[in-house]
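Scroll down for the structure; my scribbles are underneath it.
The values are calculated or read from the model by the stated rules, or taken from the named source; none is laboratory data. These numbers were taken from a predicted model, which means no experiment stands behind them. Cβ placement follows ideal geometry from the backbone for every residue including glycine, while neighbour counts extend to all protein chains displayed. The accessibility values were calculated without ligands, DNA or RNA, using every heavy atom of the protein model including side chains. Shrake-Rupley method; radii C 1.70, N 1.55, O 1.52, S 1.80 Å.
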Amino acid sequence: MMFSYFPYAAAFVVGPGDPAAIDGGLVGIGLAVAPFVFVTVAFASRNPDMGRAVLRAMGLLLLLGLSVGLLAPVLGATAGFGVGGALTLSRPDVPDVLKWRLAFTAIGVVYTFALLVFLTPAGVFTGGLIPLLLLGFADEFAAWRARPA
């Protein structure tokens, strides 16, 4: 995910005194690598419906990247990768796992937003790390909750 997220995030970084401009080449690189992220996640989790899951994830990445990205492009990418990863991962043995994945993704987006407001460099860095990391935590939490007492 880093190979897709960081070129995308770097496209929106403006140095002090520089005119505000978006680097279209970096946005293109980030979006071109994004399908490979979801293919890797689907393949590693042995998703039986890999093609459809990757297409849904890419659609949601673009939708959330554009809509939430109006607030902050980094936040849109964080939300898009989180929700896309949640739909791409396959774990049929745990009930309600999607609900927990989406809840943990929302927590990650709120946390990234708070960091972007107060510590912008940390927010940009965290936005690239937290989506897939929190999906792992969500899966473990859902599996823990599904275990009998």
Only one of V68, V94 is at pLDDT below 90, among the aliphatic types (A, V, I, L, M) and buried (at least 19 other Cβ atoms within 10 Å of the Cβ), namely V68
Could you please give the count of residues in segment 104-149 that are surrounded by fewer than 21 Cβ atoms within 10 Å (Cβ to Cβ) and either hydroxyl-bearing (S, T, Y) or not in a helix (DSSP H, G or I) (or both)?
7
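For every residue, the table says whether it meets (1) in contact with a helix residue (DSSP H, G or I) (Cβ under 7 Å, 6 or more places away or on another chain); (2) modelled with pLDDT under 90.
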{"position": "A42", "(1), (2)": "yes, no"}
{"position": "V83", "(1), (2)": "yes, no"}
{"position": "L89", "(1), (2)": "yes, yes"}
{"position": "R101", "(1), (2)": "yes, no"}
{"position": "F113", "(1), (2)": "yes, no"}
{"position": "T120", "(1), (2)": "no, yes"}
{"position": "L134", "(1), (2)": "yes, no"}
{"position": "P148", "(1), (2)": "no, yes"}
Tell me yes or no: at least one residue of segment 18-32 is within 30 Å of A146 (Cα to Cα), open to solvent by 50 Å² or more (accessible area, probe 1.4 Å) and part of a helix (DSSP H, G or I).
no
Conditions: (1) assigned to a helix (DSSP H, G or I); (2) open to solvent by 60 Å² or more (accessible area, probe 1.4 Å); (3) free of Cβ contacts under 8 Å to residues at least 60 places away in the same chain. F6 meets all but one. Number of the miss?
(3)
For G80, state whether it is farther than 30 Å from P148 by Cα and either open to solvent by less than 10 Å² (accessible area, probe 1.4 Å) or in contact (Cβ under 8 Å) with a residue 60 or more places away in the chain (or both).
yes
With the condition kept exactly as written, say whether any residue in segment 87-110 is in contact with a Phe, Trp or Tyr (Cβ under 8 Å, 6 or more places away or on another chain), β-branched (V, I, T) and touching a residue at least 24 places away in the same chain (Cβ under 8 Å).
yes
Would you point out which residue out of A11, A53, A57 is touching a helix residue (DSSP H, G or I) at 6+ places or on another chain (Cβ under 6 Å), crowded, with 18+ Cβ neighbours inside 10 Å and closer than 15 Å to P131 by Cβ?
A57
